[in-house]
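This report refers to the structure that appears directly beneath it.
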Amino acid sequence: MTMRHIKRINADWEFSKDRDFKNFRQVNLPHTWNAKDGQDGGNDYYRGYGYYRKKIDIKKQEGTEYWLQFDAVAQRARIFINNQQVGHHDGGYSAFRLNITDAIHNGENTIKVIVDNLPNQTVYPQKADFTFFGGITRSVHLIRVSQAHFALGHYGDSGIKITPRFASDQSTEAKVEAEIKTEGTANGTTITMQVGNLVTTGIINDNHAYLTMMIKDVHRWDGVNDPYLYHALFTLGTDDDQLLISFGCRTYHFDPNKGFILNGHPYQIVGAAKHEDYWGVGAAVTEEMEDQDNRLLLDMGGNAWRLAHYQHSDYEYQTADQLGILVWAEIPQITTYMKSGDQNAAQQLQELVCQNWNHASIICWTLSNEITTSTGVTPNLLACHRRLNDLAHQLDDSRLTCIANVFMLEPDSELLSIPDIRTYNLYYGWYVPGINQNEEFLEKFHTDHPDMMIGLSEYGADNNPAYHSEHPDQGDYTEEYAAQYHEHMLKV
């Protein structure tokens, strides 16, 4: 019997910008080749190819499968085992897995990854005001499993979806869908789900199983007030495979007049937007750095992250669950709409939803950010967003969809009617004069569209801590003007 075994293989990779590795250096993952030139304020950072190589010893066993999991490779990747291509992936922010069983042999094996962050017309993002870091920017894992296991090849997810549905104020039905990878011999095999002293089972049919567990006197996940999580242990057959999945039970909705309602009570969202980068390392952040960001948010009285403008690490979503931080999750369809990128946008949305289904912290799937900036509102753009909105609801009918709109977009645009909620990035008083136009815009929108939920997804004034003025003014980059801007927007 082969139980699941996961080994992180981040140490001692060879990296080169030469295909033949004539000039290589040892690196540990996560890694980006833009850690310095991508943070110097210019837009001339290296966008090209990078080559990674690592040797690993594998004691190959019969009746066992071996998989590689990449938590993120930015932006496009081709993976080779012993010079045989075993797969590729387009999109720099989501996890993916490859079955390498047939490509490896007993003993030493060589992994080679060809990565690029070159400009193209098919993979988002291509235009935005942040660096498109290149590299293996998150961890890599070698996974060993039995041939019968919870599916590893479905959009990089866990193979298990848990959806709590409240039957009453005190009880929840945890509905579970599990996908199994077998050789067609597991029909009739059981799956067991255990949560504390509660146990329920399901039967596999056509590589799927459906379970329901009734949780009475449910303990709700209630944001930073009480981020309570349940822990479900899933066992396939007689210990063919096991997974431990955390989930939270909560209800929420948005009200156009009362705002966000969590578990039946108004809950003010006080948040910040966060990029997955850090000074000196770029996108190759560590878990300790993400912990520091979370401490800063909580210390300033925040309770929500807009994890912009792409899928963030699973560690960040897990930590948000544990700390009670609400999360806005989005795909990198940003600034410039590309019809040739429709397929990639749908793929990245599918990965975002499937990989993060079980995170109680996530309250919305966001389809794009300021997408009309360069191309305006076109029939193709509208059609794409309708398809993405339908896909998000098809994948997950328990959460809402959202679009973040640039402040130049007319409030009567058809784009605003597509998602469940919509927000604006407002910069009156920074990019254009008139700081009071922020509240004027929001008040007029609510008056004209009283039944539509409207949110504020970005605002602010850039500042440099070296710049100061006794008479701060728009565009001067002083700390004083930025502070005045924040104080004004807090009142808004």
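Summary of computed values
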item	result
Chymotrypsin sites (Phe, Trp or Tyr not before Pro) lying in DSSP loop within segment 274-348, provided at most 14 other Cβ fall within 10 Å	Trp279
Accessible surface, per residue, of the chain when the full set of protein chains is kept, probe 1.4 Å, Å²	45 Å²
Antiparallel bridges, percent of DSSP beta bridges restricted to the chain (to nearest 5)	75 percent
Estimated [θ] at 222 nm from DSSP helical runs (n ≥ 4, -39500 (n - 2.57)) normalised by residues in the chain, nearest 500	-5000 deg cm²/dmol
Unit charges on C-beta of K, R, D, E only; dipole of segment 208-344, Debye	680 debye
Accessible surface of the chain, 1.4 Å probe, proportion on carbon and sulfur as whole %	47 percent
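The values are calculated or read from the model by the stated rules, or taken from the named source; none is laboratory data. Predicted model, so just to flag it, every value in this text is computed and none were measured. Using ideal geometry, Cβ is built from the backbone for each residue, glycine included, and neighbour counts are taken over all protein chains shown. Accessible surface areas use protein heavy atoms only, side chains included; no ligands, DNA or RNA. Shrake-Rupley method; radii C 1.70, N 1.55, O 1.52, S 1.80 Å.
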